[in-house]
Amino acid sequence: MRSLWRTPKGRTLEGPLLRDIALVCLAVGVVGLSYGAVAVTSGFAWWFPVLMGVLVLAASSEFLFVGIIAAGGSPIAALLAGLLVNARHLPFGLAVPDVLGRGRRGALGAHLMNDETVVFALAQDEPERKRAAYWLCGLGILVCWPVGAALGALLGSVVRDTGALGLDAMFPAVILALTLPALKDRPLRRTALSGAALALTVTPFLPAGLPVLLALAALPLFAAETKKEARQ
Amino acid sequence: MSAAVPLPPTLAAMLALAAGTFLLRLSGPALRARITLPERAGKLLEVSAVLLLAALAATSALTEDHVFTGPARPLGVLTGGVFAWRRAPFLVVVLAAAGTTALLRLAGVR
């Protein structure tokens with residue numbers, strides 16, 4: 001198999017990009033730590049968050065799943081909420097460049113699709129670099145997320161009050177950091193803020209997962225804001 | 001919450017979530033192989049991805065079980081966001097967020 005992180009000219013991915021990918025994977029591992037700890041203190045066996053980490057490989061849905069079960073919700077409700085949150089992978093799959101490959105490799109490529117890998121792939125300019133960044137980040141997360149969860153499960157069985165460590169602030173911080181660069185564009189920023197405000201407004205009334213999808217209702221605003229920007 | 005989780009139904013739901021998520025991931029590229037999208041539609045899809053991520057960040061930073069979490073978590077996330085804005089490495093962002101939240105809770109802020 002051709003090395004994933006070499007371009008046809010034999011040039012490797014440059015240092016800064018490799019470092020960014022490594023740091024994101026490390027951060028995902030640290031968030032995995034909080035996930036494993038939360039799961040174990042909620043009454044799950046240590047292997048459950050680890051296995052779910054490998055098989056589902058989508059942080060927010062796993063947090064939600066564990067949270068709903070821990071709050072006494074039914075497994076069906078946890079399943080539906082998880083699927084709802086992961087529904088964003090469909091638009092992701094439409095937006096992600098052609099990096100997945102075919103056949104069995106394509107299936108693994110699809111499994112590696114997540115918030116981080118999509119952002120890294122979109123941010124590169126050449127197709128080969130998009131592919132290398134996507135796969136390197138994806139495989140790194142496939143390792144770091146479950147390993148982090150296992151370490152967190154260990155931590156959770158020792159430390160009772162994981163909230164005191166502030167671990168719950170990690171996941172939103174990672175998502176925010178991933179979204180910030182795109183928000184430099186003014187029409188996009190206004191649209192995203194409106195969508196987020198809408199999601200927050202309906203959160204008290206709707207099942208978990210649905211508010212995030214409802215943020216898409218702000219999409220027409222983007223066209224309006226782009227026009228306004230063009231006029232000025 | 002320390003009572004053991006009822007395993008078989010929870011495990012079944014988890015496996016179903018894994019299968020369903022995989023199908024969601026597969027369907028995007030599969031659909032795209034069949035239809036070619038105009039450039040404008042591609043741009044709108046990128047915008048929707050950003051919209052979903054921003055809403056996910058906001059709701060997971062500010063709410064828990066449909067209500068406000070209390071100020072400790074959002075202030076931690078905000079601190080992480082300031083570091084991210086100043087282009088600090090991801091690990092610094094994550095640790096700053098958790099550290100701020102932990103310190104606030106130590107000081108009695110929920």
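The values are calculated or read from the model by the stated rules, or taken from the named source; none is laboratory data. Source: prediction; values computed, not measured. Reconstructed Cβ throughout: ideal geometry from the backbone, glycine too, with neighbour counts over all protein chains shown. Each accessible area value is taken on the protein alone, full model and side chains, heavy atoms only, with ligands, DNA and RNA left out. Shrake-Rupley method; radii C 1.70, N 1.55, O 1.52, S 1.80 Å.
Tabulated data for the structure shown
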quantity: Three-way shape label, chain A, alpha-carbon gyration tensor, a/c 1.5; calculated: oblate
quantity: Cβ-defined net charge surrounding residue A:66, 14 Å radius [Lys, Arg +1; Asp, Glu -1]; calculated: -4
quantity: Residue-averaged 222 nm ellipticity for chain A, from DSSP H runs of 4+ at -39500 (n - 2.57), nearest 500; calculated: -22000 deg cm²/dmol
quantity: Selection from A:101, B:96, B:77, by position along the positive dipole direction of the protein assembly as shown (Cβ); calculated: A:101
quantity: Per-residue mean of C-beta atoms belonging to partner chains within 10 Å, peptide A:222-229; calculated: 1
quantity: Accessible heavy-atom area order of A:158, A:40, highest first, probe of 1.4 Å; calculated: A:158, A:40
quantity: Relative contact order (%) - criterion: Cα under 8 Å, at least six apart; region: chain A; calculated: 29
quantity: Sequence ranges B:51-59, A:189-197, ranked by mean other-Cβ count within 10 angstrom, highest first; calculated: B:51-59, A:189-197
quantity: Accessible area, probe 1.4 Å, largest first, for residues B:68, A:92; calculated: B:68, A:92
quantity: Given charges at beta-carbon only (K, R positive; D, E negative), |dipole| of chain A in Debye; calculated: 700
quantity: Chain B - mean residue ellipticity at 222 nm from DSSP helices (-39,500 (n - 2.57) per run, n ≥ 4, rounded to 500); calculated: -26000 deg cm²/dmol
quantity: Selected from A:83, A:94, A:112 as most flexible by GNM, with chain A as the system and alpha-carbon contacts under 10 Å; calculated: A:94
quantity: Residue A:197-residue A:154 pseudo-label distance in nm [points 7 Å out on the Cα-to-Cβ vector]; calculated: 4.7
quantity: Amide H contacts under 5 Å for residue B:64, placed H, 5+ residues apart; calculated: B:69
quantity: Cα-based shape type of the stretch A:173-214, given that a ≥ b ≥ c are square roots of the gyration tensor eigenvalues and the cut on a/c is 1.5; calculated: oblate
quantity: Global form of chain B, assessed from the alpha-carbon gyration tensor, a/c cut-off 1.5; calculated: oblate
quantity: Using a Förster distance of 41 Å, the FRET efficiency for residue B:27-residue B:103 (Cβ separation, nearest 0.05); calculated: 0.40
